[in-house]
1. For the chain, which whole-number percentage of the solvent-accessible area (1.4 Å probe, protein heavy atoms only) is attributable to carbon and sulfur atoms?
2. Heavy-atom accessible area per residue, region 83-189, 1.4 Å probe: how many Å²?
3. Report the charge-dipole magnitude of the chain in Debye, nearest 20, computed about the Cα centre from +1 at each Lys and Arg Cβ and -1 at each Asp and Glu Cβ.
4. What translational diffusion coefficient, in µm²/s and rounded to a whole number, does the Stokes-Einstein relation yield for region 61-189 at 10 °C and a viscosity of 1.306 mPa s, taking the hydrodynamic radius as the Kirkwood radius over Cα pairs?
5. Once Lys and Arg get +1 and Asp and Glu get -1 on their Cβ, which of ALA87, THR119, GLN183 lies farthest toward the positive end of the dipole of region 75-189?
6. Taking the Cβ of ALA75 as the center, what net charge do the other residues with Cβ under 14 Å away carry, scoring Lys and Arg +1 and Asp and Glu -1?
7. Rounded to the nearest 500, what is the chain's calculated 222 nm mean residue ellipticity when only DSSP H runs of at least 4 contribute -39500 (n - 2.57) each, over all residues?
8. Quick check: the angle from helix 22-63's long axis to the longest principal axis of the chain, C-alpha only, nearest 10 degrees?
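The values are calculated or read from the model by the stated rules, or taken from the named source; none is laboratory data. Source: prediction; values computed, not measured. Here Cβ is always computed from backbone atoms with ideal geometry, including for glycine, and neighbour counts include all displayed protein chains. Heavy atoms of the whole protein, side chains included, go into the accessibility calculation; ligands, DNA and RNA do not. Shrake-Rupley method; radii C 1.70, N 1.55, O 1.52, S 1.80 Å.
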Amino acid sequence: MAALRGPRALLWRWRPNPLRRRSDRVEAWTVLAVWFLALLAGTLAGFSVTRSVEQGLARERVEWRPVTARLTGHAPGRAAGTERVWAEVRWRAPDGSAHLGQTRVVPGSTAGTAVTVWTDPRGRLVTRPVTEAQAALRAGLIGTLAGAAAAVVPLGCGRLVRDRLERRRLDLWDTEWARVGPQWRWKTG
């Protein structure tokens, strides 16, 4: 509702006021600094994580290669609710060494059936690399989460500072009330 009242309502912390305390000025500058740091930290973290994820996924698209593997035995029949089943395959790595692993194949495939699998430079089984569009989406989502997480740190620290200021103001108020309060009590007789 304060945002609808105009800029004066938004900038109330900086307006001159004879009742404004030092802690009010400190809190006003703390709020401004915390929001600035949260935006800066969130933006920098989000963009750097997004770029890092995109580079990693691009490297995977370049390094991971499809290889023809052969089933070592018969694949199990169709399982309930699945289009593919797990089966053991054998393939040769780029250095010529033989490897065994499991991948998903068409149900009921016979031993020796050729299957395309993806391997990394060491010859280990990996998943199919993501496309550029999938990589952009994944990097954007991870970058957004990282940016939000980085922005929470200054916001949390700012909340702690504001809580401490509020606690100090209440302590000062209690002290002042202990001094002034007895003068206001009813005097009998």
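1. Values: 8520 of 14070 Å².
Taking all protein chains in place, the chain shows 61 percent carbon and sulfur surface.
2. Values: 7860 Å² over 107 residues.
Computed with neighbouring chains in place, this is 73 Å² per residue.
3. Working: 31 positive and 15 negative charges, 188 e Å.
Dipole size: approximately 900 debye.
4. Numbers: Rh = 21.1 Å.
In µm²/s, the coefficient is 75.
5. Looking along the dipole axis, the top candidate is GLN183.
6. The answer is +3.
7. Only helices count here, giving -18000 deg cm²/dmol.
8. Helix 22-63 sits roughly 10 degrees off the main axis of the chain.
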